[in-house]
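The values are calculated or read from the model by the stated rules, or taken from the named source; none is laboratory data. Note that the structure is predicted; figures quoted are calculated from it, not measured. Positions of Cβ are generated from backbone atoms using ideal geometry, with glycine treated the same way; all protein chains shown enter the neighbour counts.
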Amino acid sequence: MEAASLDTTTNAGQLLASASGGSRQRGDRVFSGTAVIAAVTILALLAGVAIFLLVKAWPAVTADAVDLPEGKSLVDYIAPLAFGTVLAATLAIAIAVPLAVSVALFISHYAPRRLALTLGYVVDLLAAIPSIVYGLWGIFILGPAVVPSQEWLADNLGWIPLFEGPASATGRTMLVAALVLAVMTLPIVSAVAREVFTQTPRRLQEAALALGATRWEMIRMTVLPFGKSAVISGAMLGLGRALGETMAVTIILSVSGAVTFNLISSANPGTIAANIALDFPESSGLDINALIASGLVLFAITLVVNMGARWVIARSQSR
């Protein structure tokens with residue numbers, strides 16, 4: 001009887017384990033299949049966007065220059081816009097990343113807990129403000145406020161191509177547009193960096209402090225190296241936002257179509273996204289194809305930036 005009871009218990013346990021294992025295997029297969037479907041869907045959507053842009057842009061690529069907007073070749077039409085797009089986004093990231101990292105470090109390692117929570121909510125709230133509100137703030141508040149500073153830069157640092165002037169009297173300059181874009185991208189970079197800074201292993205931080213390091217030395221030796229890839233990732237996300245920003249730049253910039261590094265004058269290069277927003281409603285025929293061709297260039301720039309970011313992150317992680 002005891003042997004029979006033992007065999008029955010053993011068989012029941014084996015059946016239960018087998019059923020549990022089968023359930024886990026089915027769950028793993030379902031999850032794996034769902035993940036594959038999601039990845040393939042994203043790639044298909046990306047390929048679909050690229051194909052759509054290429055097909056719609058092709059008539060402009062093959063058309064004569066006289067039939068295109070302003071009678072220019074497609075390269076001459078898009079090149080100044082691409083230059084302005086990259087200039088504004090690069091300058092915005094150069095301003096935003098140091099500020100975002102500083103804010104993230106203050107929230108994660110310096111501020112009292114209650115203040116850190118409140119400040120974190122406030123910084124994250126900046127990402128929820130519509131871009132048109134940023135544009136209005138830039139043209140009515142920030143622009144006039146920086147006019148004296150731009151005049152000072154033109155008078156004292158005019159020998160530098162970035163500030164050669166003459167300074168704009170309205171504040172509708174590339175510098176103001178870059179400052180607004182920096183404020184718009186700051187919460188993205190700060191949020192990514194803050195989350196990783198707070199995950200720095202406590203034992204590394206305590207070991208640095210135990211060896212006599214100051215708080216800043218501890219941060220420089222442990223927190224910043226640990227969060228380097230996060231800072232790069234956040235910066236690339238912010239750069240993608242700055243490259244594609246439309247309404248804020250459209251409202252602020254006084255566009256002349258010039259290709260110039262002068263950040264404080266009224267002669268500003270345009271950006272691809274802002275140009276599409278301004279010209280698309282009144283365009284037809286080859287003009288629309290030319291605008292879509294510029295969108296294809298913006299798509300390519302964004303893709304190259306993201307691929308470069310992934311390469312930098314992978315290289316830093318391998319080291």
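If the condition is being of a type in the set (Asp, Glu) and touching a helix residue (DSSP H, G or I) at 6+ places or on another chain (Cβ under 9 Å), then the range 264-292 contributes Asp279, Asp287. Among the residues making up the range 51-91, those that are more than 25 Å from the chain's Cα centre (by Cα) and hydrophobic (A, V, I, L, M, F, W, C) are Val55, Ala57, Trp58, Ala60, Val61, Ala63, Ala65, Val66, Leu68, Leu74, Val75. The single condition among (1) of a type in the set (Val, Ile, Thr); (2) surrounded by 19 or more Cβ atoms within 10 Å (Cβ to Cβ); (3) in a helix (DSSP H, G or I) that Ile141 does not satisfy is (2).
For Thr250, the conditions (1) more than 30 Å from Ile132 (Cα to Cα); (2) among the polar types (S, T, N, Q); (3) at pLDDT 85 or above all hold with the exception of (1). Would you mind stating whether Leu243 is surrounded by fewer than 19 Cβ atoms within 10 Å (Cβ to Cβ) and in the same structural domain as Gly138 (by TED's automatic domain parsing)? So Leu243 fails the test. Restricting the search to helices (runs of 4 or more DSSP H) fully inside the range 165-232 and requiring at least 3 residues that are in contact (Cβ under 8 Å) with a residue 12 or more places away in the chain and surrounded by fewer than 22 Cβ atoms within 10 Å (Cβ to Cβ) gives 174-197, 202-210. Among the residues of the range 72-87, are any closer than 30 Å to Trp216 by Cβ and not in a helix (DSSP H, G or I)? Scanning the range 72-87, I find no residue that is closer than 30 Å to Trp216 by Cβ and not in a helix (DSSP H, G or I), so the answer is no.
Within the range 71-84, residues that are in the same structural domain as Leu291 (by TED's automatic domain parsing) and crowded, with 21+ Cβ neighbours inside 10 Å sit with their Cβ atoms under 7 Å from residues that are in a helix (DSSP H, G or I) and among the charged types (D, E, K, R), at 6+ positions apart or across chains, in these pairs: Tyr77/Glu70.
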